[in-house]
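Just below is one structure, and these are the notes that go with it.
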Amino acid sequence: MSDVATRPLEAMRLGEIATRLPGATAVFRRFGLDFCCGGDVVLADAVREPGVALEQIVDELQRLDQSAPGDHPREAAALIDRILERYHETHRRELPELIRLAQKVERVHASHPDAPLGLAVALGRMAVELETHMQKEEAVLFPMMRMGAQPMIGHPIARMRLEHDDHGQRLRELEALYRHGALPEDACSSWRALYAGVTKLADDLMQHIHLENNVLFPQFATELPTTPICSGMAKPD
């Protein structure tokens, strides 16, 4: 944690801050900063958008308890186990219900001007792509990592990073469809449950990608091909 205390936060990368400073990811999510796919961006560069105050973000980060332990293990095998249990299993459990809820809301409220038309299809596409991605990790990458660093491990890691960027694009599509989770006043309970669930999915997926891109992968390959940076799901001002 000494780097966080001695180096200016403005000069540190988002992924680095998220990894070293417990609670930082919640601050980043609140300000719409992508700490997972965009983890290589320096904080000062990431907030050069209208309505985002660098000073306010730095102040909130500095108020976090830097002595608090991280909420994930550092050792690779234990971290893989956490990712499998907390994220892979959760995505598989929650996405089918979100798709069902989206289908119901779209059907019942099809004439409503704020209905999230197309959300069920977008969630279905994400479920398929995530399942394929997770199966690759479970069948190939994670077993390789459990065996320790290997000369060729950088290639599957680079592939997974690229697919993470694709997931970021899917999150942006969901954001447009569900209007940042803003509900109409007359929203029914199913509609409210849907938006709460999609918001949790977005939070979980960004944390999932962050743990892999910024905590797990660097333990095995420090020099990987540069991949496009996704913006994740930005919170509205």
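Placing dummy labels 7 Å off each Cα toward the beta-carbon, the span from Arg7 to Ala44 is 1.3 nm.
Per residue, the chain exposes 48 Å² of accessible surface when a 1.4 Å probe is rolled over the protein heavy atoms with every protein chain present. Sequence-ordered 3J(HN,Hα) estimates for region 27-34 from the Karplus curve with 6.51, -1.76 and 1.60 and θ = phi - 60° stand at 5, 4, 5, 5, 9, x, 9, 8 Hz, glycine and proline given as x.
FRET efficiency for the pair Asp203 and Val140, taken as 1/(1 + (r/R0)^6) with r the Cβ-Cβ distance and R0 = 30 Å, rounds to 0.65. Comparing mean-square fluctuations of Arg20, Arg159, Arg48 from a GNM of the chain with C-alpha springs under 10 Å, the top value falls on Arg48. Take the Cα of Glu55, step 7 Å toward its Cβ, do the same at Asp186, and the gap between the two points is 4.5 nm.
With a simple spin-label model that places each label point 7 Å from the Cα along the Cα-to-Cβ direction, the separation between Arg82 and Ala158 comes to 2.9 nm.
Extension gain, Met147 to Gln103: 0.36 nm times the residue separation minus the Cα-Cα distance gives 11.5 nm. With springs only between Cα atoms under 10 Å apart, run a GNM on the chain and tell me which of Gln207, Gln169, Gln62 wobbles the most. Ranking Gln207, Gln169, Gln62 by mean-square fluctuation puts Gln62 first.
The values are calculated or read from the model by the stated rules, or taken from the named source; none is laboratory data. In this text, all values refer to a predicted model and were calculated from it rather than measured experimentally. Cβ atoms come from the backbone with ideal geometry, glycine included; neighbour counts cover every protein chain shown. Calculation scope for accessible area: heavy atoms of the full protein, side chains included, ligands and nucleic acids excluded. Shrake-Rupley method; radii C 1.70, N 1.55, O 1.52, S 1.80 Å.
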